[in-house]
Amino acid sequence: MDSKKDSGQGGAEGRGTRQGPVKSMRKTLNAFSQMIPIIIGVLLLISLATAAVPKEFYSSVFTGNEILDSLIGAVFGSLAAGNPVTSYVIGGELLLRGISLVAIAAFILAWVTVGVVQFPAESMILGRGFAFKRNLVSFLMSIVIACLVVFSLGVLG
Amino acid sequence: MKAKAGGKEGRPEGMSGGAGMGKPGGRIGTGMKFLLVSCLVYVVAYVASPELALSAISVFLRMVVNILPALALVLGMMFAVNLLLEPGKIARYLGRESGAKGWLIAIGGGILSAGPIYAWYPMLAELRKHGMKDSLIAAFLYNRAVKIPLIPIMVYYFGWIFTAILTIYMLAFSVINGFIVGFKRGERNDNSG
């Protein structure tokens, strides 16, 4: 069955007009309260991942092979979670340690666009099919964009 | 029954009720099960390494404080969507016939939205129920990676040329990402722009 139909997109037109404030608030709180346990669960997992993986760990996983490193960067960027600033800081440290720019770009891109830790929440709230396809496409794109960025930098000198 | 995602048998994919808090009749929803599993992971972590678990709880508390403003914003926006916007209007701006306007709204919304990505899932689920396309949801989520306030920090670490090129590619690929996700989700005739 097509997900679009499943998710109610087709029926939007026929659903009537605006609702009153009380009904709207009740509907909003009902929807929101269903999300709270999922968001708390994801926060718990992200906190554990953040506490368990020291920043220094990332520099030890790269091999020196640019192609392999871009894949490794994308994988670890996908697994990591937290504020994007953290990925910039780690990326800056990796750059100082001689890790290739393509690997760092893939790492940063995957960090901000792919979410393995957030996947359960995205899956439960927006649908497993949607979450899986979006994260997979974003993962592959992080490698493609990283290569394009480095290529463009080379062209621009 | 578990609120299974996947959209089979005509059921809405994703969260459309009963997946979070306990369901009527006392059954535990998927969201609560997920929370219980997360807590269980902490119990295991505490047994393995009490220091790690306590450190993680301290990170968690900091994160909760940081996420509260974003959650309040999302709650307010969800209320506004339910109160002010007619489903037909959302469908017109973000649905099948939204065209380039829909893409611009999704890209702009993604860039301007604050807080962590998961705080925005509930609002996107609400908008989807009102008619928002999956391709635009994907574009919105992708553009959450473009953070204007963080650009100076990226420039500091990587230089402005790298930052500019990366940002331009992210904007362009957010549309490609949306198209691919939308196509894979069955929006074959809706992305003509």
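The values are calculated or read from the model by the stated rules, or taken from the named source; none is laboratory data. Note that the structure is predicted; figures quoted are calculated from it, not measured. Note: ideal-geometry Cβ built from the backbone for every residue, glycine included; neighbour counts use all protein chains shown.
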Scanning the stretch B:108-128 residue by residue, those among the aliphatic types (A, V, I, L, M) and within 14 Å of chain A (Cβ to nearest Cβ) turn out to be B:111, B:114, B:117, B:119, B:123, B:124, B:125, B:127
What tally of residues in the stretch A:41-72 results from selecting those that are without any contact (Cβ under 8 Å) to a residue 40 or more places away in the chain and surrounded by fewer than 20 Cβ atoms within 10 Å (Cβ to Cβ)?
15
It is to be established whether one or more residues within the stretch B:31-42 are within 7 Å of chain A (Cβ to nearest Cβ), outside any helix (DSSP H, G or I) and either modelled with pLDDT under 90 or surrounded by 19 or more Cβ atoms within 10 Å (Cβ to Cβ) (or both).
no
Could you go through the stretch A:134-157 and let me know if any residue there is closer than 21 Å to residue B:155 by Cα, free of Cβ contacts under 8 Å to residues at least 40 places away in the same chain and in a loop (DSSP other than H, G, I, E, B).
yes
Those residues of the stretch A:105-133 which are more than 7 Å from chain B (Cβ to nearest Cβ), in contact (Cβ under 8 Å) with a residue 40 or more places away in the chain and buried (at least 24 other Cβ atoms within 10 Å of the Cβ) amount to A:106, A:107, A:114
Candidate set from the stretch A:60-81 (those that are part of a loop (DSSP other than H, G, I, E, B) and under 17 Å from residue A:114 (Cα atoms)); member that is farthest from the other protein chains (Cβ to nearest Cβ):
A:80
Here is a check on your reading of the model: is residue A:152 at the interface with another protein chain (Cβ under 10 Å from one of its Cβ atoms), polar (S, T, N, Q) and in contact with a Phe, Trp or Tyr (Cβ under 6 Å, 6 or more places away or on another chain)?
no
Is it true that some residue in the stretch A:42-59 is in contact with a Cys (Cβ under 8 Å, 6 or more places away or on another chain), at the interface with another protein chain (Cβ under 10 Å from one of its Cβ atoms) and hydrophobic (A, V, I, L, M, F, W, C)?
yes
